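A short write-up of the structure that comes next.
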């Protein structure tokens, strides 16, 4: 198993560790609910150094990124970031990712840990015009500082006015006494905050500085389990659960990152056909009416027990105190308010289709 630069810190703090995407990662520290509420109400810190970072540089950088991603990269100003996906040429998704625009000939792609090798091979295989590629994943650490007190915590460590870093923008500068830190506002929790990218060598000092700055707010380390419940309350997709090589961005409700007004990109014609003609299944959020917790791969049925879909993600929402989930359902059952059933250990529990996000944190 690979480890991040924070591995020993997690163990000293008593984290429950487990394998995730080939890395030994902290799953929880003080408990999922406690960590979840710390992020919703104050501030928490996630080690997300397992994520992958690729640099795409040179005169043909834009052409390559535009061709392999579904969103319109040409609309990105310098200092902006964009959520996107790699269409796989067969109507599915290689991965979802973030695209950062640093300069006219320099982009950073942030990909999922489980797909680093797959994504790298995909980009290399489509680099037909000589863009300069660098897989910087092994040398970059990343911390996500999330929650309503994240800005106040990090502002103590930098002269950059963090309130000027709007959602899906970023700056590079000094924080915690270290230069060249990428400070990004592209969070995965819905509670605000920042992601910090920096070199591995300063990882421990950065961690200590952040926790010292956040002490007055009750800052806590947060594991991957609470990261999952936080993102699910917001209806954010998780690759491998809600999207994968068999799901199209149109089915997944990701039309907003699939732009047909730009240059040609992989699967453009097929996805445009899906958008215009419709799809047979749609990714929808649902909340439980009966008491129960939906889990990945549970069957979704109609009132007669006929299978109409499957759960892709599910949990007990700490904020709502009820079971919530996402899943692909047949289009006939996809309207908001439609009652469906979840097969939980051979019990048919009632649920209803709802609009996402499930909550609207302040």
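In segment 269-299, which residues are over 14 Å from residue 325 (Cβ atoms), touching a residue at least 60 places away in the same chain (Cβ under 8 Å) and more than 23 Å from the chain's Cα centre (by Cα)?
Selection gives 270, 274.
Scan segment 226-237 and give yes if some residue there is surrounded by fewer than 17 Cβ atoms within 10 Å (Cβ to Cβ), at pLDDT 95 or above and part of a helix (DSSP H, G or I), otherwise no.
Looking only at segment 226-237, we keep the residues that are surrounded by fewer than 17 Cβ atoms within 10 Å (Cβ to Cβ), and these are none.
There is no residue in segment 226-237 that is surrounded by fewer than 17 Cβ atoms within 10 Å (Cβ to Cβ), at pLDDT 95 or above and part of a helix (DSSP H, G or I).
Could you check segment 91-111 and list, in sequence order, the residues that are touching a helix residue (DSSP H, G or I) at 6+ places or on another chain (Cβ under 9 Å) and closer than 28 Å to residue 273 by Cα?
Of everything in segment 91-111, those that are touching a helix residue (DSSP H, G or I) at 6+ places or on another chain (Cβ under 9 Å) and closer than 28 Å to residue 273 by Cα turn out to be 91, 94, 95, 96, 97, 99, 109, 111.
Which residues, taken from segment 10-66, are on the phi > 0 side of the Ramachandran plot and outside the structural domain of residue 113 (by TED's automatic domain parsing)?
14, 21, 22, 31
Select from segment 123-169 the residues that are on the phi > 0 side of the Ramachandran plot and touching a strand residue (DSSP E or B) at 6+ places or on another chain (Cβ under 9 Å) and list them in ascending order.
Of the residues in segment 123-169, the ones on the phi > 0 side of the Ramachandran plot are 130, 147, 168.
Passing the criteria: 147, 168.
Show me the strands (runs of 3 or more DSSP E) found entirely inside segment 249-341 where at least 3 residues are crowded, with 20+ Cβ neighbours inside 10 Å and assigned by TED's automatic domain parsing to the domain that holds residue 70.
Passing ranges: none, list empty.
Quick one: how many residues across segment 123-167 are in contact with a helix residue (DSSP H, G or I) (Cβ under 7 Å, 6 or more places away or on another chain), assigned to a helix (DSSP H, G or I) and under 16 Å from residue 61 (Cα atoms)?
1
The values are calculated or read from the model by the stated rules, or taken from the named source; none is laboratory data. It should be emphasised that the depicted structure is a prediction, and the values quoted were computed from it without experimental measurement. No Cβ is skipped: glycine too gets one built from the backbone with ideal geometry, and neighbour counts run over all protein chains shown.
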